[in-house]
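Novice: Here's a structure for you.
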Amino acid sequence: MGGGEPVGIVFPAAENGRRSTSALGRAVVSDALRQVDPAAALDAEHEDNWRAGYLTHFRRLVEAGLPSSDAAVSVARDGLESLHRRMRVVAVGGAESGLDALLSEEAQRSVATVTVPGTGEAEGELSVPYRGDRLRGAALRRQLEAWVSDGIVEPSCADAVQKVAACPEWLRLSGRTVVVLGAGAEMGPLSALLGWGARVVGVDLPSVPIWTRVLDLARHSGGTLLVPVAHDKPGRNQSATADEGTAQRAGLDLTADVPAVADWLAALDGPLVLGNYIYADGAANVRAAAAVDALTVRLQARRDDIALAFLATPTDVFAVPPEAVAQSIRAYATRPRVAKLAGRPLQMLSGGRLLRRAYLPGTGPAINDSLVAQQGPNYALAKRLHRWRAIAARAGGATVSMNVAPPTRTRSVLKNRALAAAYAGAHRFGVEVFEPATSQVLMAALLVHDLHTGGGPVHAHPWQDEAHAAAHGGLWRIAYAPRSALGLAALLGYGTARASS
């Protein structure tokens with residue numbers, strides 16, 4: 001173990017002692033495919049350039065699961081099993097064990113609870129911030145109808161949000177406690193849930209700026225926030241206010257504290273919703289996803305009242321319904337004459353990579369491949385682990401809320417110049433990119449819907465669960481295959497993105 005290596009969850013070491021993220025990704029994808037598509041598993045196993053070639057293999061993970069529900073569940077369970085078998089845990093002092101050791105390991109610290117009651121009034125109706133306005137009632141209904149007509153969200157998404165708007169008593173989530181892993185995340189539901197009067201547990205890294213903001217939100221809300229504070233942290237500055245002192249002591253690093261967090265959550269009263277909204281850059285994202293998955297398994301073994309919640313990224317591979325395919329095909333057939341004239345030479349010059357039609361006419365579900373190469377294989381693997389856990393949990397009878405979130409101008413997107421430019425120009429191809437405030441409330445409303453309806457309708461196949469209520473921003477229904485259009489969108493949006501940075 002090299003000097004400075006982090007304590008907690010780490011990638012497995014190769015024979016040369018190097019911990020390779022690419023080797024881990026390649027192995028997990030291969031293992032996930034092996035039972036249902038041995039040839040695809042072999043291709044992934046022998047991929048020489050994983051950082052550039054991962055796109056094909058992540059698409060095959062979805063294709064391999066399409067023939068049957070059993071195949072999709074097999075891919076999910078085998079992928080998760082491979083991750084648990086391969087990831088490692090390094091203890092203080094350097095002792096190393098497997099990830100599953102965290103399922104029974106004793107906590108090395110105890111966690112206290114600080115309760116932060118809000119002093120504001122809970123919001124009594126659903127209102128969605130959008131372009132400087134707050135949409136409620138008839139205005140919200142009209143916008144949902146416009147999004148459906150434009151192909152921005154699936155009709156089932158609009159129906160679910162409308163149901164929540166019609167049942168404002170649902171917003172408080174009475175009798176439940178929602179655990180928000182990634183309390184400070186831009187796409188997380190913490191602000192919306194607290195505003196609606198819910199009881200929320202916030203978990204995030206020790207960071208005074210994060211906790212100062214989160215605690216301020218909680219104090220001014222109509223809800224209640226529970227904050228974890230490790231007993232072995234130094235006491236607060238005696239001149240600090242109560243919230244300042246809490247901000248100095250709050251937070252846990254989940255990649256090093258799974259047993260402590262699990263024991264703390266296991267002792268909380270009432271049904272729990274374990275929501276995974278953690279995001280980290282690069283390899284840290286996979287480590288965090290592995291930590292959350294170990295926490296999930298440990299909690300499920302301790303309690304039978306755990307519901308799970310996730311957000312799926314729209315920049316991934318999904319099977320999409322025939323209605324989405326039909327709208328895309330119509331959009332391609334009726335695109336303006338200037339687009340047709342410009343598209344042919346671009347297709348020829350790019351060897352067919354630019355402005356390809358999204359789907360060929362046919363029946364049944366089709367594949368939408370919206371993976372963005374710049375986001376990298378670690379991001380793709382972390383998000384796929386969430387989907388696999390959702391599939392496996394549903395198959396095991398758990399209540400699961402997992403909805404596809406829209407493309408959103410988060411800080412993590414905007415700091416990537418290529419992605420920022422693509423998002424700035426995406427509207428030219430029929431893709432709507434949302435502001436974080438809109439996405440937060442929209443996705444929180446879908447979470448509320450799912451929790452009041454047992455996870456939503458029961459479907460015959462996991463791909464239908466994933467497609468239900470998707471708010472993909474138009475990526476599933478535009479005329480062109482997303483990756484074949486986003487490169488041009490980036491060129492067209494570069495000036496706008498640069499001016500706003």
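The values are calculated or read from the model by the stated rules, or taken from the named source; none is laboratory data. Values in this document were obtained by computation on a predicted structure and should not be read as measured data. Here the Cβ positions follow ideal geometry from the backbone for every residue, glycine too, while neighbour counts run over all protein chains shown. The area values use the complete protein model at the heavy-atom level, side chains included, leaving out ligands, DNA and RNA. Shrake-Rupley method; radii C 1.70, N 1.55, O 1.52, S 1.80 Å.
Novice: Considering Cα pairs under 8 angstrom that are at least six residues apart, work out the relative contact order of the chain and quote it in whole percent.
Specialist: Working: 983 pairs, mean separation 95.6, N = 501.
Averaging sequence separation for qualifying contacts and normalising by length gives 19 percent for the chain.
Novice: Label point 7 Å out from R330 along Cα-to-Cβ: which residues of segment 154-168 have amide N under 14 Å?
Specialist: Answer for this model: 155.
Novice: What's the Kirkwood radius of the chain in Å, using all Cα pairs? Don't jump to the answer; show the numbers that get you there.
Specialist: Numbers: mean 1/r = 0.0425 Å⁻¹.
Taking the inverse mean of 1/r over all distinct Cα pairs, the chain comes out at 23.5 Å.
Novice: If you don't mind, there's one more thing I want to ask. Give the residue list of trypsin sites (Lys or Arg not before Pro) in segment 259-304 that are DSSP loop and have at most 16 other beta-carbon atoms within 10 angstrom.
Specialist: Numbers: sites: R287, R298, R302, R303; in loops: R303.
Answer in residue order: R303.
Novice: Something else: Grab the Cα-Cα distance for H231 and E145, subtract it from 0.36 nm times how many residues apart they are, and report the gain in nm with one decimal. It would help to have the intermediate numbers written out before the result.
Specialist: Numbers: separation 86, 0.36 × 86 = 30.96 nm, distance 5.07 nm.
Working it through step by step, the gained length comes to 25.9 nm.
Novice: Of the options V92, A32, S68, report the single residue whose Cα projects farthest towards the positive end of the charge dipole of segment 1-110 (beta-carbon charges: Lys, Arg +1; Asp, Glu -1).
Specialist: Farthest along the dipole direction, towards plus: V92.
Novice: Now a separate question. Determine the distance separating the Cα centre of segment 377-407 from the Cα centre of segment 263-311; give it in Å without decimals.
Specialist: When both Cα centres are located, 12 Å separates them.
Novice: Once ligands and nucleic acids are excluded and a 1.4 Å probe is used, how much of S191 is accessible, expressed in Å² to the nearest 10?
Specialist: 50
Novice: State, to one decimal in nm², a quarter of the convex hull surface area for the C-alpha atoms of segment 351-501, i.e. the direction-averaged projected area.
Specialist: Details: hull surface 40.0 nm².
So the mean shadow area of the Cα hull is 10.0 nm².
Novice: Another question, if that's okay. Specify the inter-centroid distance of segment 328-360 and segment 37-91, based on alpha-carbon positions, in whole Å.
Specialist: If we compute the Cα centre of each part, the gap is 32 Å.
Novice: Turning to a different aspect of this structure: Against the 2.2 N^0.38 Å scaling, with N counting residues, where does segment 81-186 land? I'd like the Cα-based Rg ratio to two decimal places.
Specialist: Values: Rg = 22.0 Å, N = 106, 2.2 N^0.38 = 12.9 Å.
Dividing the Cα Rg of segment 81-186 by 2.2 N^0.38 Å gives 1.70.
Novice: Right, another one. Using DSSP to define loop residues, name the trypsin sites (Lys or Arg not before Pro) in segment 101-170 whose beta-carbon has at most 10 other beta-carbon atoms within 10 Å. Working shown, then result.
Specialist: Details: sites: R109, R131, R134, R136, R141, R142, K163; in loops: R109, R131, R136.
Counting only loop positions with at most 10 other Cβ atoms within 10 Å, the trypsin sites (Lys or Arg not before Pro) in segment 101-170 are R131.
Novice: I've got another one for you. Say R0 is 41 Å: what FRET efficiency, to the nearest 0.05, do E435 and H46 get from their beta-carbon distance?
Specialist: Numbers: r = 43 Å, r/R0 = 1.05.
Efficiency for this residue pair is about 0.45.
Novice: Under the rule of -39500 (n - 2.57) per DSSP H run of 4 or more residues, summed and divided by the residues of the chain, what mean residue ellipticity at 222 nm is obtained, to the nearest 500 deg cm²/dmol?
Specialist: Working: 19 runs with 240 residues, N = 501.
Computed mean residue ellipticity for the chain: -15000 deg cm²/dmol.
Novice: Over the Cα atoms, compute the radius of gyration (one decimal) and Dmax (the largest Cα-Cα distance, rounded to a whole number) for segment 1-90, in Å.
Specialist: Gyration radius and largest Cα-Cα distance of segment 1-90: 14.2, 48 Å.
Novice: Find out how many positive minus negative residues lie around H452, taking Lys and Arg as positive, Asp and Glu as negative, among other residues whose Cβ is under 14 Å from that of H452.
Specialist: Numbers: positive: K163, R172, R176; negative: D159, E169, D450.
After counting each charged neighbour, the total is 0.
Novice: Further question: Which of rounded, prolate, oblate describes segment 132-204, given a ≥ b ≥ c as roots of the alpha-carbon gyration tensor eigenvalues and a/c under 1.5 marking rounded, otherwise prolate only if a/b is larger than b/c? Mind dumping the intermediate values first?
Specialist: Numbers: a/c = 2.29, a/b = 1.72, b/c = 1.33.
It comes out prolate by the Cα gyration axes.
Novice: To the nearest 10 Å², what's R411's accessible area with a 1.4 Å probe?
Specialist: 150
Novice: Calculate the spin-label point distance for L55 paired with L360, positioning each point 7 Å from the Cα along the beta-carbon direction, and give it in nanometres.
Specialist: For L360 paired with L55, the spin-label model returns 2.0 nm.
Novice: Treat each spin label as a single point 7 Å out from the Cα along the C-beta direction, and report the R134 to Q464 distance in nm.
Specialist: According to this spin-label approximation, the distance is 3.9 nm.
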